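Data block below; observations after.
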Amino acid sequence: MGIKYESHNYEDTIWFDYQDMDFEAEEDKGGRYITLEYMDWKELHDAEEALRMRRIINKVNRNSDVVISTTVKFTYYRRKILFIEEIPNIEDYLRSELQELIRIYEMVNEALQKDNENEKSGKWQPIDIESTQTKDLFIKTIREMGCDYEPWKDEESRCESIVFDYQTETYRATFFEVTKKVLLENHYSLYNVALNDMDKVNQLREVVNKVNQEHDAVTVYTIDCVTNKMYAEASHTVPFMAEIPNLLTYLHSILNDLYLVRMDIKCEMEADEIEEQRIMDREAN
């Protein structure tokens, strides 16, 4: 692709410039994935700016498969991608992933420039096409994993979806044949808190940001005024094609990350209760 890079004597990490933006690429130990990351200097001066930034990130996270998280001084855009030589047209594949990072970066910055904090981002429109090969391959794979499934209809989408059980969790898969990708989500929310409990609401926002720094799944919170609750949800959008070796292991790792997100959120939200119970147990003994 004609891109120059620097390694700074790191074995698994390089830095390179693409369209005037500095990216980092890190290889995982197994050599099957790379993590692409762009770090944007975005200093947050007070709690109001931090809250606004989190709301915007949460909105954009819901419409992308780029993981975004923020600290006091930086906003991180991260995408872990499968990168093996079996992938067809691998240069175009890499370009599309880099362009997606840039697109999401621009989306966040455009939202920040708007004066109205309540302005909503454009509604996500999934690819409108009948799913065939990707869906069939995915169902064949989960059957080999011993999973039962049933069709699922999303009234807001014309893409095909299924719901399936794996180990102790229920997941939903939506198929995009043109890009040969699958959107994987926990079928039920990961955690919920009452909107009138502001301490828990703020805590859940913090936890969502934290798990986005630690996991490859995109985690967001949603507010439901009907039930008067805030919900945490997570998803993975991943390539799924016959060329990928060891599809069973590949799919298991993705589902395992979604499961770990649930466990991490639960542990963070209930840490005080867990510690209190431990103290009570020690005193009882």
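On the given criteria, is Met53 open to solvent by 70 Å² or more (accessible area, probe 1.4 Å) and either in contact with a Gly (Cβ under 8 Å, 6 or more places away or on another chain) or under 18 Å from Asn212 (Cβ atoms) (or both)?
no
Out of the residues in region 61-93 that are among the β-branched types (Val, Ile, Thr) and farther than 13 Å from Asn209 by Cβ, state the one that is most open to solvent (accessible area, probe 1.4 Å). Spell out how you get there, then give the answer.
Of the residues in region 61-93, the ones among the β-branched types (Val, Ile, Thr) are 66-68, 70-72, 75, 81, 84, 87, 90.
With farther than 13 Å from Asn209 by Cβ added as a condition, the list becomes 66, 81, 84, 87, 90.
Details: Val66: 1, Ile81: 3, Ile84: 18, Ile87: 14, Ile90: 49 Å².
Top of the filtered list is Ile90.
From the list Thr227, Thr249, Thr237, Thr219, exactly one residue is exposed (fewer than 13 other Cβ atoms within 10 Å of the Cβ) and under 20 Å from the mean Cα position of the chain (by Cα). Which is it?
Result: Thr249 is the single residue among Thr227, Thr249, Thr237, Thr219 that is exposed (fewer than 13 other Cβ atoms within 10 Å of the Cβ) and under 20 Å from the mean Cα position of the chain (by Cα).
Between residues in region 138-151 that are in a strand (DSSP E or B) and residues that are open to solvent by less than 100 Å² (accessible area, probe 1.4 Å), which pairs lie under 6 Å by C-beta distance while being six or more apart or on different chains?
Once the first residue is in a strand (DSSP E or B) and sits in region 138-151, its partners that are open to solvent by less than 100 Å² (accessible area, probe 1.4 Å) give Tyr149/Ile162; Tyr149/Phe164; Glu150/Val163; Pro151/Ile162.
Asp154: open to solvent by 40 Å² or more (accessible area, probe 1.4 Å), in the same structural domain as Val238 (by the TED database) and at pLDDT 90 or above, yes or no?
no
In region 157-169, what count of residues is obtained for those that are in contact with a Phe, Trp or Tyr (Cβ under 7 Å, 6 or more places away or on another chain), charged (D, E, K, R) and modelled with pLDDT under 90?
1
If I go through region 17-64 residue by residue, how many of them are closer than 15 Å to Glu206 by Cα and among the β-branched types (Val, Ile, Thr)?
2
Is it fair to say Ala242 is surrounded by fewer than 19 Cβ atoms within 10 Å (Cβ to Cβ) and among the small types (Gly, Ala, Ser)?
yes
Sort out which residues of region 1-31 are open to solvent by 70 Å² or more (accessible area, probe 1.4 Å) and aromatic (Phe, Trp, Tyr), and write them in order of number. Break it down stepwise before answering.
Of region 1-31, the ones open to solvent by 70 Å² or more (accessible area, probe 1.4 Å) are 1-2, 4-6, 8-12, 15, 17, 19-20, 22, 26-27, 29.
Selection gives Tyr5, Tyr10, Trp15.
Would you pick out the residues in region 146-159 that are farther than 12 Å from Ala173 by Cβ and within 23 Å of the chain's Cα centre (by Cα)?
Keep residues of region 146-159 that are farther than 12 Å from Ala173 by Cβ, which gives 146, 148, 153, 155-158.
If the condition is that a residue be farther than 12 Å from Ala173 by Cβ and within 23 Å of the chain's Cα centre (by Cα), then Lys153, Glu155, Glu156, Ser157, Arg158 are the ones that fit.
Name the residues in region 227-264 that are within 21 Å of Phe175 (Cα to Cα), among the aliphatic types (A, V, I, L, M) and touching a helix residue (DSSP H, G or I) at 6+ places or on another chain (Cβ under 9 Å), would you?
Those that are within 21 Å of Phe175 (Cα to Cα), among the aliphatic types (A, V, I, L, M) and touching a helix residue (DSSP H, G or I) at 6+ places or on another chain (Cβ under 9 Å): Ala234, Val238, Met241, Ala242, Ile244, Leu247, Leu248, Leu251.
Among strands (runs of 3 or more DSSP E) lying entirely in region 167-282, which contain 2 or more residues that are within 29 Å of Ala50 (Cα to Cα) and aromatic (Phe, Trp, Tyr)?
Answer list for region 167-282: none.
The values are calculated or read from the model by the stated rules, or taken from the named source; none is laboratory data. Computed from a predicted structure; not experimentally measured. With ideal geometry, Cβ positions are generated from the backbone for all residues, glycine too; neighbour counts draw on all protein chains shown. The area values use the complete protein model at the heavy-atom level, side chains included, leaving out ligands, DNA and RNA. Shrake-Rupley method; radii C 1.70, N 1.55, O 1.52, S 1.80 Å.
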